[in-house]
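To keep things clear, I will list the structure first and then write my remarks on it.
The values are calculated or read from the model by the stated rules, or taken from the named source; none is laboratory data. Owing to the predicted nature of the structure, the values given are computational and were not obtained by experimental measurement. Note that each Cβ is placed from the backbone with ideal geometry, even for glycine, and that neighbours are counted across all protein chains shown.
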Amino acid sequence: MNTLSQTDFLAGVVIVLIILLTFLASILSKRKNHKSLQTPQAFTGIDTLMHRSAEEGKTLIIGLGEGFSSLSTGLGDTTGLLVERTLMNRVVFNDKPTHAFSSDGALASISRMVVFGAYENAMATELFRPEYNQLSGPSPFAGMAGLLPELARPGNAGLVMAGAFRPESILIADLAERKRVPLIFTSGSVASQAAFFATEAEITLGEDYYLPAVGKSNRGYVQGTAMTLNWLRVIIAIALLVAAVLKLSGVLP
């Protein structure tokens, strides 16, 4: 009979810990005096851009990134679709339609269904046009090159970038700053977050990207998940510090 290795034991402990924290978070979230986590500033900014688009009669642009390409590290990189769905449901009857651009064929196809669904839910399918959702390029850099001319057009209310992006996409932020176009950037890529941190864009940091509380979509679920991640991060950080101290003191081999 094979014995459990140290790695297997630690993996089991982490799994049990996640289950316990998830159960505890679900109980606390149902308490009446429970204080919900604050909506990230970037997602609050999306509401501002939607209002600006409607009031000033300007076009709002959504960049969904590379989606299901090799850059994606998981389903979290498609969070942009959730942002797009909530946003599109609220801008269907704007004077200027919102345009969505993708750098991946599969993502563009799904995004088209999301956009069409928004018009269908509003019983306004006659207002839908295929050009409202486009494939800006078949590869990451081709997609970025296809999005830049759209951003350079006059009459843009703002740009929302939500999804999987490379650090090189900072070129988009540079053009947005020169054109005075408000930019909101949310991505699960740590390297991209670091690159856009030096720009004027409103960005999400860390797990804030996985808390798309626009329109309170799945609010209870994402609140509980974010709380679990916060607790788990603190516990792991404390464990690493304790292990480092024990290692330096010679207690651990």
Practice problem: Can you tell me which residue within the range 65-81, out of those that are surrounded by fewer than 19 Cβ atoms within 10 Å (Cβ to Cβ) and part of a helix (DSSP H, G or I), is modelled with the highest pLDDT? | Solution: L75
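Looking at the range 96-113, can you tell me whether even one residue there is among the aromatic types (F, W, Y), free of Cβ contacts under 8 Å to residues at least 60 places away in the same chain and surrounded by fewer than 21 Cβ atoms within 10 Å (Cβ to Cβ)? Before the answer, list the steps.
Residues of the range 96-113 that are among the aromatic types (F, W, Y), as a first pass: 101.
In the following step, the residues that additionally are free of Cβ contacts under 8 Å to residues at least 60 places away in the same chain were identified as 101.
Cutting the leftovers down to surrounded by fewer than 21 Cβ atoms within 10 Å (Cβ to Cβ) gives us none.
Checked the range 96-113: no residue is among the aromatic types (F, W, Y), free of Cβ contacts under 8 Å to residues at least 60 places away in the same chain and surrounded by fewer than 21 Cβ atoms within 10 Å (Cβ to Cβ).
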Self-check item: Residues of the range 4-22 classified as surrounded by 11 or more Cβ atoms within 10 Å (Cβ to Cβ) and under 15 Å from T228 (Cα atoms), total
Solution: 7
Exercise. For F196, work out the one condition from (1) at pLDDT 90 or above; (2) surrounded by fewer than 18 Cβ atoms within 10 Å (Cβ to Cβ); (3) more than 24 Å from G57 (Cα to Cα) it doesn't fulfil.
Key: (2)
Quiz item: Tell me, which helices (runs of 4 or more DSSP H) lie completely within the range 97-181 with 3 or more residues that are in the same structural domain as G45 (by TED's automatic domain parsing) and within 17 Å of G67 (Cβ to Cβ)?
Solution: 105-121, 140-152
Exercise. Please work out which one of (1) without any contact (Cβ under 8 Å) to a residue 60 or more places away in the chain; (2) at negative phi; (3) not acidic (D, E) is the condition R180 fails and give its number.
Key: (2)
Practice problem: Hey, can you tell me all the residues within the range 122-176 that are farther than 24 Å from L205 by Cα and of a type in the set (F, W, Y)? | Solution: F128, Y132
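Per-residue answers, yes or no, for (1) in the same structural domain as E150 (by TED's automatic domain parsing); (2) modelled with pLDDT under 70:
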| residue | (1), (2) |
| --- | --- |
| S5 | no, no |
| F9 | no, no |
| V13 | no, no |
| L17 | no, no |
| L28 | no, yes |
| R31 | no, yes |
| L49 | yes, no |
| G63 | yes, no |
